[in-house]
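Okay, structure first, notes after.
The values are calculated or read from the model by the stated rules, or taken from the named source; none is laboratory data. All of these numbers come straight from a predicted model, not from anything done at the bench. Reconstructed Cβ throughout: ideal geometry from the backbone, glycine too, with neighbour counts over all protein chains shown. Just the protein is used for accessible areas: all its heavy atoms, side chains included, with ligands, DNA and RNA removed. Shrake-Rupley method; radii C 1.70, N 1.55, O 1.52, S 1.80 Å.
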Amino acid sequence: MSEDTDILFSGVLAHSFDTPLQGSIIFDIDDVGLDCFISYNRELLEKGKGQGWPIMYETDEELETKLIEGEYLYFVITSSYGLSGWVLAKKVEMITKQRNEKDEE
């Protein structure tokens with residue numbers, strides 16, 4: 001018997017993935033902490049700031065405050081290839097389903 005896991009993010013504000021490819025195997029999803037979000041994504045934030053991405057803000061401190069007040073979490077995803085990236089969301093759930101060998105045929 002094998003298993004499948006559905007990963008459900010709710011309250012998603014923004015996300016970024018490097019070349020998502022079918023068949024990627026997710027190794028880990030870590031709640032890294034909002035304090036790392038801004039420093040790890042400096043270039044991406046600079047590109048999106050004037051366009052209201054991920055939200056409207058003037059300073060890094062204001063962005064961090066809005067994310068904290070909105071109760072967002074910074075999830076970093078590592079995978080076998082392609083799907084590595086991150087999600088800003090309020091919650092993540094992992095639902096594991098058992099799969100019978102006969103179902104795989």
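Just give me the residues in region 1-41 being polar (S, T, N, Q) and part of a strand (DSSP E or B), in sequence order.
S2, T5, S10, S16
Listed here are the residues, each with its yes/no results for (1) modelled with pLDDT of 90 or more; (2) of a type outside the set (D, E).
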residue: V12; (1), (2): yes, yes
residue: I29; (1), (2): yes, yes
residue: V32; (1), (2): yes, yes
residue: L45; (1), (2): yes, yes
residue: K49; (1), (2): no, yes
residue: G70; (1), (2): yes, yes
residue: L73; (1), (2): yes, yes
residue: T78; (1), (2): yes, yes
residue: D103; (1), (2): no, no
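Out of everything in region 81-93 that is part of a loop (DSSP other than H, G, I, E, B) and open to solvent by less than 50 Å² (accessible area, probe 1.4 Å), what residue ends up being farthest from C36 (Cα to Cα)?
Selected residue: G82.
What's the total number of residues in region 47-75 that are open to solvent by 90 Å² or more (accessible area, probe 1.4 Å), within 17 Å of L13 (Cα to Cα) and charged (D, E, K, R)?
Residues flagged as open to solvent by 90 Å² or more (accessible area, probe 1.4 Å), within 17 Å of L13 (Cα to Cα) and charged (D, E, K, R) within region 47-75 amount to 3.
Identify, from the list L63, L44, the residue that is out of contact with any strand residue (DSSP E or B) (no Cβ under 7 Å at 6 or more places or on another chain), free of Cβ contacts under 8 Å to residues at least 60 places away in the same chain, assigned to a helix (DSSP H, G or I) and not hydroxyl-bearing (S, T, Y).
Going through L63, L44 in turn, the sole match is L63.
Restricting attention to region 94-105, which residues are in a loop (DSSP other than H, G, I, E, B) and open to solvent by 100 Å² or more (accessible area, probe 1.4 Å)?
Result: E105, single match.
Restricting region 1-45 to residues that are within 17 Å of L83 (Cβ to Cβ) and among the small types (G, A, S), which is surrounded by the fewest Cβ atoms within 10 Å (Cβ to Cβ)?
The selected residue is G23.
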